[in-house]
1. Find all pairs meeting these conditions: Cβ atoms under 6 angstrom apart; at least six residues apart or on different chains; first residue within the range 1-20 and aromatic (F, W, Y); second residue not in a helix (DSSP H, G or I).
2. Considering only residues of the range 1-52 that are small (G, A, S) and at negative phi, which is surrounded by the fewest Cβ atoms within 10 Å (Cβ to Cβ)?
3. Here is a check on your reading of the model: is E43 over 12 Å from the mean Cα position of the chain (by Cα), of a type in the set (D, E) and at pLDDT below 95?
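The values are calculated or read from the model by the stated rules, or taken from the named source; none is laboratory data. Everything quoted here is computed from the prediction, not taken from an experiment. Note that we place each Cβ from the backbone using ideal geometry, even for glycine, and neighbour counts take in every protein chain shown.
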Amino acid sequence: MTARDFREIALSFLEAIESAHMSHPDFRVGGRIFATLGYPDEEWGMIKLTPEEQRKFVQAKDLKSAEAETRQIEAPAKRTNLSKSGH
């Protein structure tokens, strides 16, 4: 997946807009951020997941894989290296 692919998917959600914070793009609906792009560098994107979505994601991935790296930042979130996502 490229940054362009990520941006296209994020903006495909109803009422989604692109904005920015901390010098990198973010994507919002109703003023709330649901995804960011380019942090910690251009190869990364982050999407926020509900606790249930996060459980399903973690169960579906090999936790030893770098692609399945997850972190909890303010709210459950999935951070993925775009160059390794395979989409």
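1. F6/L37; F6/G45
2. As a first pass, look at the range 1-52 and keep what is small (G, A, S): 3, 10, 12, 16, 19-20, 23, 30-31, 35, 38, 45.
Pick out the ones that are also at negative phi and you get 3, 10, 12, 16, 19-20, 35, 45.
On the way: A3: 16, A10: 22, S12: 8, A16: 15, S19: 11, A20: 11, A35: 23, G45: 27.
The residue in question is S12.
3. Values: over 12 Å from the mean Cα position of the chain (by Cα): no; of a type in the set (D, E): yes; at pLDDT below 95: yes.
It is false that E43 is over 12 Å from the mean Cα position of the chain (by Cα), of a type in the set (D, E) and at pLDDT below 95.
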